[in-house]
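A short worksheet on the structure shown next.
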Amino acid sequence: INIFSALATGGAVVAGQYLGRKREEEACKSAGQLVWFVTISAVGVTAIVYLCKSFILHGVFGKIEADVMAHANTYLVIVTASIPFIALYNGGAAIFRAMGDSKIPMIVSMMINVSGNAILIYGFHCGTEGVAIPTLVSRAVAAILITILLCNSKRVLHLEKTFRYRFDGAMVKNILKIGVPNGLENSMFQLGKILVLSLVSTFGTYAIAANAVSNAVA
């Protein structure tokens, strides 16, 4: 997710550069390249996570209580399906920011993510599924909503209303040149957090929960 956020930033920078040169057609094209590329890449990453699910869980947690592993497995199976949606949302939100509009991504995030999670967790008192399912649903709805908003041709940056993807190597390369170093930097930080979690998991269930809450607050 950090890598896709970084790629989204790279795409926004490229689109912003085109806007600064008054080349709006190329700016819209770069926005389209960003959205398609991060979404297709995210689908590939999702498949890898599902294939390596057992290795990831046992690699991070090692030997932990069976019920904790079962909850972790349930959460990972459901939330992994949301990776393409969060990648698409991040791409769309970055495009809005490139236009100087950060209000729409904020409103979408608050309406969908916060309210969706709150309703299922506190309203229906669901367990692990109740945390994971609203995360999946809210990310999917947010991604679809922000994509619909970007298909409005009246916006300075907008997407073509088509399911055909014409890969532009030069433009994607420009996005990657900015996004990849930024993504690797963020990923190194996340890798450090995973290493800490591996240690924390040996302390027991309460330590894992406390670490998760602290990471979210941080």
Two-site label geometry, Ala66 and Ser102: point separation in nm, points 7 Å out along Cα→Cβ
5.0 nm
HN-Hα J couplings of the range 176-184 from phi, Karplus 6.51/-1.76/1.60, θ = phi - 60°, integer Hz, Gly and Pro as x?
5, 4, 8, x, 5, x, 5, x, 5
Pick out, in residue order, every one of the chymotrypsin sites (Phe, Trp or Tyr not before Pro) in the range 135-218 that is DSSP loop and has at most 11 other C-beta atoms within 10 Å; say none if there are none.
Phe163, Phe167
State, to one decimal in nm, how far the label point of Leu191 lies from the label point of Ser109, with both points 7 Å from Cα in the Cβ direction.
2.6 nm
Cα-based Debye curve of the range 164-218 sampled at q = 0.13, 0.28 Å⁻¹ gives log₁₀ I(q)/I(0) of -0.54, -1.06
Rounded accessible area of Ile83 (nearest 10 Å², 1.4 Å probe)
20 Å²
With Cα extents along the principal axes in Å in mind, check [x] 58, 37, 31; [y] 65, 40, 38; [z] 48, 35, 32 and report the label derived from this structure.
[x]
Step through the table entries Lys53/Lys177; Lys63/Lys193; Lys103/Lys177; Lys53/Lys173, compare each Cα-Cα distance with 24 Å, and write down the pairs that go over it.
Lys53/Lys177; Lys103/Lys177; Lys53/Lys173
Return one whole number: the accessible area per residue of the chain in Å², for a 1.4 Å probe.
57 Å²
Computed from the beta carbon distance with a Förster radius of 25 Å, FRET efficiency for Phe167 and Glu25 to the nearest 0.05 stands at 0.90
Residues of the range 47-85 with amide N under 19 Å of the 7 Å Cα→Cβ point at Glu129:
67-82
Tell me the carbon and sulfur percent of the accessible area for the chain, rounded to whole percent, probe radius 1.4 Å.
68 percent
How do Asp67, Asp101 stack up against each other in accessible area, from largest to smallest, with a 1.4 angstrom probe?
Asp67, Asp101
What is the chain's relative contact order, in percent, from Cα pairs under 8 angstrom and six or more apart in sequence?
34 percent
Taking only protein heavy atoms and a 1.4 Å probe, the highest-to-lowest accessible-area order of His158, His58 is His58, His158
Between the DSSP loop rule and a limit of at most 15 other Cβ atoms within 10 Å, which trypsin sites (Lys or Arg not before Pro) in the range 158-190 are left?
Lys161, Arg164, Arg166
Reach of Lys22 by Cα under 20 Å, taken over lysines that are not fewer than 8 positions away in the same chain
Lys154
List the lysines whose Cα lies under 16 Å from the Cα of Lys161, skipping any in the same chain that are fewer than 8 positions away.
Lys29
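The values are calculated or read from the model by the stated rules, or taken from the named source; none is laboratory data. Since the model is a prediction, treat every value here as computed from it, not as a measurement. Quick reminder, even Gly has a Cβ in these numbers, built from the backbone with ideal geometry, and neighbours come from all protein chains shown. Note: accessible area is taken over every heavy atom of the protein model, side chains too, but ligands, DNA and RNA are not part of it. Shrake-Rupley method; radii C 1.70, N 1.55, O 1.52, S 1.80 Å.
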